[in-house]
Amino acid sequence: MKDSIAEKTKERWHGKRMHGQLPRNLNEKLMDIEQSYRWLKSGDIKGETESTIVAAQDQAISTNYFRNKILREEIESKWRLCKQREGTIDHLTSGYPILAKNEYLMRHDKVCTHLHYSICKALVRH
């Protein structure tokens, strides 16, 4: 009985046009399910941050894509700068050619700096 209710709830979630995008992507093996939900289990972020992350995962941030596909506004759904692909949050965070030149490199460098610092700190303790 409990499994049946959970399965029906999951099906309704998958069927939602906007909020069902994350579970559909998870089913298509586009991302690691365990890693995608790991941050929720740790419980060490603020509620506002969690809601922003969930909104981004659901593609519910107000982009032209969101306004066109979800709100049904007559507006171009492609990104204004590259005009190549749909203006989804996924495209913005991982494949936007305009940002790839600088922003992704800066993000990469910050991660590497943090890793380097953490490794050095761990080595000093031992």
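Data for the structure
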| read-out | value |
| --- | --- |
| Note, ³J(HN,Hα) from phi for the range 98-104, Karplus 6.51, -1.76, 1.60, rounded to Hz, x at Gly and Pro | 5, 7, 4, 5, 10, 5, 5 |
| The range 59-126, Cα convex hull volume normalised per residue, Å³ | 85 Å³ |
| Spin-label pair LYS16/GLN35, simplified geometry with 7 Å Cα→Cβ offset, distance in nm | 2.6 nm |
| Of LYS10/LYS46; LYS16/LYS110; LYS2/LYS41; LYS8/LYS69; LYS41/LYS78; LYS78/LYS101, those spanning more than 30 Å from alpha-carbon to alpha-carbon | LYS16/LYS110; LYS41/LYS78 |
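Read-outs throughout are calculated quantities, based only on the coordinates presented, and are distinct from any laboratory measurement. All figures in this text were calculated on a predicted structure; none of them were measured in a lab. A quick note on method: Cβ atoms are made from the backbone with ideal geometry, for glycine too, and the neighbour counts reach across all protein chains shown.
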